[in-house]
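Computed from the coordinates by the stated procedures, all read-outs in this text should not be read as laboratory data. Computed from a predicted model, the values in this text were never measured in an experiment. Ideal geometry is used to build each Cβ from the backbone, glycine not excepted, and the neighbour counts take in all protein chains shown.
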Amino acid sequence: MTRLPESWPGPGKAAAKRRPLSRDRIVEAALGIVETEGLDALSMRRVAQELETGAASLYAHVSNKDELLEQLLDRVYAEIAIEPPDPARWQEQVKDHLRRARKVLTSHGDLARAAMAANVPVSPHALDNAEAMLALLKAGGLDDLTASYGVDVLSMFVTATAVEESTRGDLSTDQVQQYSDRVRSYFESIPAERYPLVTALAAELTRNVGDERFEFGLDILVAGLARRA
């Protein structure tokens, strides 16, 4: 006897529609790779794999990896909130802006390494942040040269801090403290007659208490700029 089918075959399920490839999708995929696998894992081929397409298809939207990194950074810089300058509280505004920038950079894996390498702001949102920082410094009464040098120094401080923090992004608070303790023990063990200050200040040199070190740097830099107002 012929076995009857459970149901009429019919036309079958329609294939799921694939989202069209775009620059935004490429940048979104690249950001996900950096956040989960690290900056070293990022390549045009890896992004294409994530999007289930060929690497050649990406080049219609992004010319090369350098441009991809530029677009990636620009997307991240767009997350930094910008405030209009208030001359009465410009110093605190500068610090707040840098705190936000640090938080954004450290929230995306080790992307800060790319920000350090890029060095000069050229994309729209990177320039928006530079413009905002310059406006805050000018609101504080700084001359043109001091404001220009100041925005450079402040940006490097925040980016370098984010890079350093990204190197221990996968570590727990206890693991970071254990590492600091090992460094302190090493400093205390080196010849005191040759390194009297390093050995004597081992505890202070390796102190790791919340944002204390970052805030110290902000205070020193902003106060130094304010003296030039």
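Here are the numbers for this structure:
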item: Added length on full extension, which subtracts the Cα-Cα distance from 0.36 nm per residue, ARG182 to ASP86; result: 30.1 nm
item: Calculated FRET efficiency for the pair ARG207/LYS103, C-beta based, R₀ 30 Å, to 0.05; result: 0.90
item: Calculated from backbone phi, Karplus (6.51, -1.76, 1.60) coupling profile of segment 126-133 in Hz, x at Gly/Pro; result: 5, 5, 4, 5, 5, 4, 5, 5
item: Packing-based order for 114-125, 22-33, using average beta carbon neighbours within 10 Å, highest first; result: 22-33, 114-125
item: Per-residue HN-Hα couplings for segment 97-110 [Karplus 6.51, -1.76, 1.60; θ = phi - 60°; Hz; x = Gly/Pro]; result: 4, 5, 5, 5, 4, 4, 4, 5, 4, 6, 8, 10, x, 9
item: Segment 83-105 versus segment 200-220: alpha-carbon centroid distance in Å; result: 21 Å
item: Sites ALA60 and GLU37 - FRET efficiency at Förster radius 22 Å, r taken between beta-carbons, to 0.05; result: 0.35
item: Distance in nm between pseudo-label sites at ASP128 and ALA200 (7 Å out along the Cβ direction from Cα); result: 5.1 nm
